[in-house]
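Derivation of every value follows stated rules applied to the coordinates shown; laboratory data play no part. It should be emphasised that the depicted structure is a prediction, and the values quoted were computed from it without experimental measurement.
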């Protein structure tokens, strides 16, 4: 898994990436009550806003960690946003991307680099 300094994570499997928010981001947001997911087929550039989460505290933008095309969305979190509260870094994933520029992962943070950012 790779991380961004805006608290997204991406797990890479071949040319596919699964994206979500980190547990830290979820804790900061509080209870997530609404998710606006991207559309399958949507093109996105690294760093571009791709979806919105609304919690009992605030709304937060989610940014694409890498460039690509949205290949799937997690319908479960659309119907039950609380799934993100329960498992932000596993079953609470948001969407999947087909990577268009896999080399962009070199600009992302490792787990140890991300943990250092939080300190």
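Take every pair of alpha-carbon atoms less than 8 Å apart whose residues are at least six positions apart; their mean separation over the length of the chain yields a relative contact order of 32 percent. Taking every alpha-carbon pair under 8 Å whose residues sit at least 6 apart, region 1-55 reaches a relative contact order of 25 percent.
In nm, what is the difference between 0.36 nm times the number of residues separating residue 76 and residue 116 and their Cα-Cα distance?
Result: 11.2 nm gained on full extension.
Taking every alpha-carbon pair in the chain and binning the separations at 5 Å intervals from zero gives 2, 13, 25, 26, 20, 11, 3, 0 percent. Over all distinct Cα-Cα pairs of region 10-78, the Kirkwood formula returns a hydrodynamic radius of 12.7 Å.
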